[in-house]
Structures are given as C-alpha cells and as structure tokens.
Amino acid sequence: MGFAEDFLWGAATSAAQVEGGFEMDGRSPSIWDVAPKEKIANGENCHDSAMQRTHYQEDVAIMKKMGLKAYRFSISWSRVMPKPHFVSRKGIQYYSDLVDELLKAGIEPLVTLYHWDLPLWAYELDGWESEALVPHFVEYVETVVTALSDRVRYWITFNEPSCFLMNGYMQGVHAPFKRKYLSLPRITRVFMLCNKAAVEAIRNNAILSPKVGLSFAFGVYLPEVKRDKASEEAAYIKSFSKQMGVMNNAWFLKPILEGKKVRAYGIYHTKGKPAVEYQVKFDFIAINVYSAFDYGSYGGNPHIDRSKVKYDAIGNAIDGDSLYYAVKFLYRRYHLPILVSENGMAADKEKVEDGHVHDSYRTDYIKEYLSSLKKAVNEGNEVIGYCHWSLLDNFEWAEGYRTRFGLIYVDWQSKERTIKDSFYEYSKIIAENGRSL
Ligand code: NOJ
C-alpha cells in the first residue's frame, strides 16, 4: 500500500525561529523579541535568525530542487498587525509573495497562524490571561485568511498549545517567562476560545475550501511488551488518561475534539463552563512527534535502561516507535486524517566541510521514523503528510542557536545556506514516494 500518491512530503519552520527581519515591514516586537538575555542560551535573540524574510526565494528554490511537496511555515502576527486594528500592507504582502513563490514551485503552503510569537502589544493587554485577546486574534485571522485563502488551503490554527501555555505561563522557561501555576484554567480557556473563533473565522472567510487543523505536541506511552495485545491496550488507555497522557494530551484533545472536560493538577479547565464551548470540527489533526512519554522525566518508565537509549542534542530520546504508536493511537481515537507537522532531531557539532554537512545520524533518524510511519500507513491509519523539523537551522527558543535541527545548514554570520547530506537522502525518499523504506 505505502504512501498515497498525493502525500504531502514537507518540511516545517516558524516565523520567530527562521524569519528574522524583526523590524522590516513596520513589524513590532513579539514577546520573543524582548526576551531578557539571561533567559536565552548565550544571551542570543531571534532578531535575524536565518533571515528567511530576505532569503525566501532562495529557500523556495532549494525546496523545489529537493522535490518538497509542502512547506509548513507560520505567520508573524506582529508583522501583519504591528498594533491593534492596524494592518501592515507590507507585512501581509510578504506572506502573499512567499505563497506565490511556493505555488510557482509546485509546493503546497501549510500555514500556521500562531507559533508562539504573541505581539508585545497583545501581551500588554494581558495576553493569554484575558478574554479580551479573542476579538484581536479573530481580526488577525480574518485579515490573513482574506489575503491568502485564494491560494492557501491548509490552515493550522495553533502550534503546540501545551508548550506555549505551560512553558510560558507555568514553568517560566519560554516567553513571557511567567510562573503562575494558578493561571492554567484561565489561559487554557482563552486559548480554546481563540481556537474556536479562529476555526469559525477561517470557515466563514476562506475562498478556497479550507482544511483546518491544529498542531498538538502529541506523545504516547509505548506498550511495555511489543506485539502484545494487552500491553498495547494498556498503553493506549494510559496515553489519554494517566500522567502526561492527561496533562499533555487529554487536557487539550478532549475539550477541543470531544467537548468533554478534564481534571488535571486537581483542577478542571472549565471553571464551571461546559467544555462543549471549546469543541470544533477539524478536517485533520496535526501532530508534532519527537519522542514517547516513557523516556520523559515526569511519568517516564523507570524500567528503561537509559544508558542504552539514543538521545539527540536537546535530550529527546530517539525511537521510531514513538511515531508509529502516536499515529495508531490518535487515529484509533479520532478517526481523522493525520498530518505529522513536525519530527526531527537536534545536533550540536555540525559544520560545513568542502561544501557538505555530513549528518548521517539525521539520515538514519529520518529513515527510522519514516519506516515507522509507513508501517502505520500500511495498517490503514490515514496520514496525509509528513513535515520534517526543520527546513533550516533555527533559533531554538531558550536554547538559542546552540543546536541545529535543519535539513539546510545556515551560517549564522553570512546567512549562507548549505544543503545537508540528510536532505539529499530525504529528497531520494520523496522521489520514490517512500517505496524503499
Ligand atoms: C516543537 C516546536 O513546535 C518547534 O518550535 C521547536 O523548534 C521544535 N519542537 C524542536 O524542539
């Protein structure tokens, strides 16, 4: 069976991580532009990162040469709306040009509307802590959809709500670096109201018939005994009801997809409000999968011999089964087409040698995860695409530029691009539609 002929073989990025040009187009700062130096490794910032803002034509030409079928990127809200109720003509034009460039190259644009870079002005109006954000977000979504939906069909409302809410407002490790545990029900509610309103805004304003989803940071528990039915059943149940299965998965999936409330940290997110208020109809579910919960520090499997596990440079355990079971368990539960919107690995010692980057470990990673994905597809789970994270080396949030995730190496000084060996290998897989995996 294998991958469908129209499978979306892609790569992903986000605005704050690769775009740079933080003051171009009349753009105003996001919460990441003003992150205090001491919060980011080596005091770095995302102000110019990979400069896709000025290198986008070159990047699209590389994507075309490598045979990519899809590019997932995000829109910087503060480039499009540098202040409340004000649209920057140049800001929206940039995304329109990028979309045109992609379509000319035969590449499907997959647009993420929010990938963590809240405009500073919106934060100053209380950001995710205030329902006042909802109409501002809707206005932004309507602006983007009106400008691009004559050419864009795939819309991802949010990227990894569990991360930007919990890391940003509870753990204090991501912008805006707050540690307010008790704000969880409120920020969850504001996010879910924005999501619901965004889905409606897309459906009401889109010109091309839209396909709408959200990228969840999805993970599962693996069966303790492989190929054992009872063990797999236990892992499936735990993945939606225990420890990380509740906090990371059920907390977001159940209200949004099932209209049901969830209790975590001893609290409900709905504060007496019916969870059905947050329920939406998606056309697909997008998932970002790097690892499985078993390897994590909270709720991990104590029986795993960690000395035998392979880790990437930011500590994600490498195990292709993480993707196989993620797809299988999610499809079993929701029966919606799945887009793997992120999957990839960080490395910390990459360099260009004679015009090449020899990252055979990344090629191995891609082959391991894509073989697992193919196994899931062959068992009848509907998967519409795979986006490798990342197209380019990127600003990795609090980790700054310490590690590299890209299929394309970026020289941080000159912004020169070098296609890594792994991208040539990924390109071969795309050309034969994954037949040899
Ligand atoms: C998930 C996030 O969406 C992305 O922004 C980040 O760079 C990757 N994971 C890698 O950590």
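The values are calculated or read from the model by the stated rules, or taken from the named source; none is laboratory data. Remember, predicted model here, so these are calculated numbers, not experimental data. Backbone-built Cβ (ideal geometry, glycine too); neighbour counts: all protein chains shown. The accessibility values were calculated without ligands, DNA or RNA, using every heavy atom of the protein model including side chains. Shrake-Rupley method; radii C 1.70, N 1.55, O 1.52, S 1.80 Å.
Remarks
- When only alpha carbons of the chain are considered, Rg and Dmax amount to 20.4, 62 Å.
- Phi-derived couplings, Karplus 6.51 cos²θ - 1.76 cosθ + 1.60 at θ = phi - 60°, listed residue by residue for segment 311-326: 10, 8, 6, 10, x, 7, 6, 9, 7, x, 4, 4, 7, 4, 6, 4 Hz, with x used for Gly and Pro.
- J(HN,Hα) series, segment 200-205, from Karplus relation 6.51 cos²θ - 1.76 cosθ + 1.60, nearest Hz, glycine and proline x: 5, 4, 5, 4, 7, 10
- The modelled label-to-label distance for the pair A61/I267, using points 7 Å beyond Cα in the direction of Cβ, is 5.2 nm.
- A simple rule links phi to the HN-Hα coupling: the Karplus curve 6.51 cos²θ - 1.76 cosθ + 1.60 with θ = phi - 60°, which for segment 50-63 gives 8, 6, 5, 3, 9, 9, 5, 5, 5, 5, 5, 4, 5, 4 Hz, with x for Gly and Pro.
- All aspartates and glutamates inside 20 Å of K83 as judged from Cα atoms, apart from same-chain residues fewer than 8 positions distant: E19, E23, D25, D33, D117, E124, D126, E129, E131, E139, E142
- Only Lys, Arg (+1) and Asp, Glu (-1) charged, at Cβ; the chain dipole about Cα centre in debye: 1300
- Taken about its Cα centre, segment 1-133 carries a charge dipole of about 300 debye when Lys and Arg each add +1 at the Cβ and Asp and Glu each add -1 at the Cβ.
- Å³ per residue enclosed by the Cα convex hull of segment 374-437: 114
- For segment 1-45, the residues whose backbone nitrogen is under 16 Å from a point 7 Å from the Cα of T54, taken along Cα to Cβ, are 18-27.
- Whole-Å distance, taken between Cα centres, linking segment 136-168 and segment 77-96: 14
- Residue among V220, L113, I384 farthest towards the positive dipole end of the chain, charges placed on Cβ: V220
- Given +1 at the Cβ of Lys and Arg, -1 at the Cβ of Asp and Glu and no other charges, the dipole of segment 367-437 around its Cα centre is 120 debye to the nearest 20.
- Antiparallel DSSP beta bridges within segment 312-429, percent to nearest 5: 55
- Per-pair calculated FRET efficiency, R0 = 22 Å: A234 and V309 via Cβ, rounded to 0.05: 0.55
- Coarse-grained scattering of segment 41-107 at q = 0.14, 0.20, 0.22 Å⁻¹, given as base-10 log I(q)/I(0) from a Debye sum over alpha-carbon atoms: -0.52, -0.89, -0.98
- Extension gain, E23-K83: 0.36 nm per intervening residue step, less the Cα-Cα distance, totals 20.3 nm.
- Heavy atoms of the protein chains alone define the surface here; on that basis the chain has 39 Å² accessible area per residue at 1.4 Å probe size.
- GluC sites (Glu not before Pro) within segment 313-397, DSSP loop, no more than 15 other Cβ atoms inside 10 Å: E379, E382
- Listed pairs K226/K254; K367/K420; K328/K420; K328/K374; K180/K254; K349/K374 exceeding 19 Å between Cα atoms: K226/K254; K328/K420; K180/K254; K349/K374
- Distance between the pseudo-spin-label points of E142 and D354 (7 Å out from Cα toward the beta carbon): 5.9 nm.
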